[in-house]
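Working notes for the structure below.
The values are calculated or read from the model by the stated rules, or taken from the named source; none is laboratory data. The structure presented is a predicted model; accordingly, all values stated were derived computationally and were not measured. Using ideal geometry, Cβ is built from the backbone for each residue, glycine included, and neighbour counts are taken over all protein chains shown.
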Amino acid sequence: MKYDVVALGELLIDFTEYGNSTQGNPVLEANPGGAPGNVLSMLTRLGHKTGFIGKVGEDMFGRQLLEALNEVGVGTEGIVTDKEVNTTLAFVHTFPGGDREFSFYRNPGADMMLKEQELNLEMLRNCRIFHFGTLSMTHEGCRAATRRAVREAKAAGAVISFDPNLRESLWKTLDEAREQVLFGLGQCDIVKISDNEVIWLTGEKDYDAGAAWIYEHYEIPLILVSLGPNGSRAYMGGKRVEVPSVLTRNTIETTGAGDTFFGCVLNFVLEHGFHEYTEAELTEMLQFANSGASIITTRKGALRVMPAREEVEALVQATFRR
């Protein structure tokens, strides 16, 4: 079977706040999540064939995640289950304005227990794009599995897509986190990195200088910097394009915004082929991606509620092409 995109990484339940009970306690909704799965869900919504490689526990949350992925059309044949370890959980506190704080229940969690011998190699050898992040590299066994997956996909000619997605609390030390981020940068053709991650990684508060540092060391063809409410930038072949965000008063939370953005970018790559894009093409890419990210901030959760192509295109039209 051929896939447009295969992703490997964390699959977890995001417990997000949904108001308070009559006693004044926070009410939490168990939303299926995990960055790689969110990216695949967006791509599937846009009509692409996707598949996930990872691990969940043989528990109620693992079943919920498998059901959610099947429901949105993401292939689950690469997901294995573990009787001994529970599905990873994340509790998300949302501050006014949409910023978030995460508390992870993952010591261990099933996602970090994926072993190299459990990889579905056929999926890796039959995809156009392979996507991964760093949460699958926080522990030695899953780190080996991730590196093997990258090797297999690269050898088969796949475009490699990488999202550092730094979650400081999941690392023993930030030096270890940096080492794995640098590994990802050394393997990928496309990277999406957030503004705070640029500063942390490069020491540069100027994002152009940070992107230049990344390119100087790794020569990644397409570098994307997400700037939250300030939009996004793309760097490719000496070109720099910046597109403002699509701000809305209806923002509830920012969970999944970066993943939706990246899914929209990979959609552009699939539809246009991966080559050196013009400034006009990079602008079109970012307008679509920023619009998709804006829509998801108006919804609780991400994986199950990704916007349809028509919604994103309508927002692009209303915002950028009036």
Name the residues in segment 180-227 that are surrounded by fewer than 17 Cβ atoms within 10 Å (Cβ to Cβ) and under 20 Å from the mean Cα position of the chain (by Cα), would you? Leu182, Gly186, Asn196, Ile199
Would you mention how many residues in segment 249-282 are at negative phi, without any contact (Cβ under 8 Å) to a residue 40 or more places away in the chain and not β-branched (Val, Ile, Thr)? 7
Checked segment 202-245 for anything in contact (Cβ under 8 Å) with a residue 24 or more places away in the chain, assigned to a helix (DSSP H, G or I) and out of contact with any Leu (no Cβ under 8 Å at 6 or more places or on another chain); matches are Asp208, Ala211, Gly228, Asn230
Residue check, His93 in contact with a Phe, Trp or Tyr (Cβ under 9 Å, 6 or more places away or on another chain), modelled with pLDDT of 95 or more and of a type outside the set (S, T, N, Q): no
Condition first: touching a Gly at 6+ places or on another chain (Cβ under 7 Å), part of a loop (DSSP other than H, G, I, E, B) and farther than 21 Å from Ser41 by Cα. Now tell me which residues in segment 74-113 satisfy that. Val85, Asn86
Options Gly24, Gly47, Gly62; residue that is assigned to a loop (DSSP other than H, G, I, E, B), without any contact (Cβ under 8 Å) to a residue 60 or more places away in the chain and either within 21 Å of Val92 (Cβ to Cβ) or in contact with a Lys or Arg (Cβ under 8 Å, 6 or more places away or on another chain) (or both): Gly24
Tally of residues being surrounded by fewer than 24 Cβ atoms within 10 Å (Cβ to Cβ) and touching a helix residue (DSSP H, G or I) at 6+ places or on another chain (Cβ under 7 Å) across segment 4-29: 1
